[in-house]
Amino acid sequence: MKSAFNTLVPGALALLLLLPTALQAKEVETQTKLANVVVLATGGTIAGAGANAANSATYQAAKVGIEQLIAGIPELSKLANVRGEQVMQIASESITNDNLLQLGRRVSELADSKDVDGIVITHGTDTLEETAYFLNLVEKTDKPIIVVGSMRPGTAMSADGMLNLYNAVAVASSKEAHGKGVLVTMNDEIQSGRDVSKMINIKTEAFKSPWGPLGMVVEGKSYWFRLPAKRHTMDSEFDIKNIKSLPDVEIAYSYGNVDDTAYKALAQAGAKAIIHAGTGNGSVSSRVVPSLQALRKDGVQIIRSSHVNAGGFVLRNAEQPDDKYDWVVAHDLNPQKARILAMVALTKTNDSKELQRMFWEY
């Protein structure tokens, strides 16, 4: 018995010694199979902090660094090989055209990298829809690009940022998300970066599209229901690599008793195009029409949009004789998204007919 025991024990010990090595090899194999996702952080509420857990709407944005955000969600390691990069740390209402270009160029560099499979961008919600649409127009890649934010800071009770970021990484690492353009994951929904807008400022279901979400994320798995119909990313004629700067495009808001003061001031300040945020079907007050006609003759592009919250759809030559005045209509783009497309489009052309084509196609 003693001899048999002495024979078995070394063998068992050898197996025990080999076990950690086998587990390590298995772990390396698992990590190798996972997608490589880079999280670019820009600040916003998802990186915000309140004074106490009851502060869900009163807080300071852009306080928490990306490494801390990633470390707070250990479950991410089961979805992808995740690394973070702090591109900027600001509240999104302060994002400038230069910031857009900076972010767009970094996304492009990562998209060109063979060891990057997907990109997530954490962003403040105030202008998240603008950044998502900008990237949707200028990034020449079919790799998933997901823009994500939160409506509550991480310090708040029932904070939404952790799950939103988890879902964003899940979508960015999925093969199904390839070729669908820039996406936004908020409140368990997958939205098109082209369509989605912030519809309310204090609810977690703030982001909606008038045409509905593309899909849902449930426990790290994405489910798809429709596809984007407009041109984007790989099919776009725009490329961030060819854009050195963005022209000045401004928005003038219409309302009852409006006059032409804002339009004239914006043009005088150097605006190359003015987005008319009109009522209803992009309606223009009779008090404003003559000034817009004059501004167009002076070379300023006039683009009619609508500030209807749930989806303003502007029809050409309906409220105004756009052909006669040489104006452009924004189709279903809200004023802030119309501004993004106008800026990008004006880097290629100043021809109103070409601009109108782009507004139909994008």
(message) Against the condition assigned to a loop (DSSP other than H, G, I, E, B) and without any contact (Cβ under 8 Å) to a residue 12 or more places away in the chain, how does residue 245 come out, does it pass?
(response) no
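Which residue is surrounded by the most Cβ atoms within 10 Å (Cβ to Cβ), if the candidates are limited to segment 176-186 and must be in contact with a strand residue (DSSP E or B) (Cβ under 7 Å, 6 or more places away or on another chain) and of a type outside the set (Ser, Thr, Tyr)?
184
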(request) Among the residues of segment 116-139, count how many are surrounded by fewer than 24 Cβ atoms within 10 Å (Cβ to Cβ), in contact with a helix residue (DSSP H, G or I) (Cβ under 6 Å, 6 or more places away or on another chain) and of a type in the set (D, E, K, R). (result) 2
(request) Pick out the one residue from 263, 255 that is of a type in the set (Phe, Trp, Tyr) and assigned to a helix (DSSP H, G or I). (result) 263
(message) Quick check on my filter: what residues within segment 296-328 are modelled with pLDDT of 95 or more and aliphatic (A, V, I, L, M)?
(response) 300, 302, 303, 314, 315, 328
(request) Provide a single number: the residues in segment 329-360 that are of a type in the set (S, T, N, Q) and either assigned by TED's automatic domain parsing to the domain that holds residue 132 or within 20 Å of residue 211 (Cβ to Cβ) (or both). (result) 2
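Can you tell me which residues in segment 100-150 are without any contact (Cβ under 8 Å) to a residue 12 or more places away in the chain and not acidic (Asp, Glu)?
113, 114 - these are the residues of segment 100-150 that are without any contact (Cβ under 8 Å) to a residue 12 or more places away in the chain and not acidic (Asp, Glu).
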(message) When the residues of segment 302-350 are narrowed to those that are in a loop (DSSP other than H, G, I, E, B) and of a type in the set (Phe, Trp, Tyr), which ends up nearest to residue 229 (Cα to Cα)?
(response) 313
(message) Restricting to segment 151-194, name every residue that is touching a residue at least 40 places away in the same chain (Cβ under 8 Å) and acidic (Asp, Glu).
(response) 160, 176
(message) Test of understanding: among 270, 280, which residue is under 24 Å from residue 206 (Cα atoms), out of contact with any His (no Cβ under 8 Å at 6 or more places or on another chain) and surrounded by fewer than 17 Cβ atoms within 10 Å (Cβ to Cβ)?
(response) 280
(request) Answer with yes or no whether residue 66 is without any contact (Cβ under 8 Å) to a residue 60 or more places away in the chain and within 20 Å of the chain's Cα centre (by Cα). (result) yes
(request) Output the residue which, of all residues in segment 91-109 that are of a type in the set (A, V, I, L, M) and crowded, with 18+ Cβ neighbours inside 10 Å, is modelled with the lowest pLDDT. (result) 91
(request) Within segment 188-208, track down each residue that is outside any strand (DSSP E or B) and either among the β-branched types (Val, Ile, Thr) or surrounded by 19 or more Cβ atoms within 10 Å (Cβ to Cβ) (or both). (result) 193, 194, 195, 196, 200, 202, 204, 206
(message) For segment 277-290, which positions are free of Cβ contacts under 8 Å to residues at least 40 places away in the same chain and in contact with a Ser or Thr (Cβ under 9 Å, 6 or more places away or on another chain)?
(response) 279, 280, 281, 283, 284, 285, 288
(message) Given the criteria surrounded by fewer than 23 Cβ atoms within 10 Å (Cβ to Cβ) and assigned to a loop (DSSP other than H, G, I, E, B), does residue 354 qualify?
(response) no
(message) If I filter segment 209-233 down to residues being outside any loop (DSSP other than H, G, I, E, B) and touching a Gly at 6+ places or on another chain (Cβ under 7 Å), which single residue comes out as nearest to residue 181 (Cα to Cα)?
(response) 233
(request) Give segment 300-319 a look and list any residue that's touching a residue at least 12 places away in the same chain (Cβ under 8 Å) and not hydrophobic (A, V, I, L, M, F, W, C), or say none. (result) 301, 304, 305, 306, 307, 309, 311, 312, 316, 319
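The values are calculated or read from the model by the stated rules, or taken from the named source; none is laboratory data. Note that the structure is a prediction, hence the values are computed from the model and not measured. All Cβ positions, even for glycine, are placed from backbone atoms using ideal geometry, and neighbour counts span all protein chains on display.
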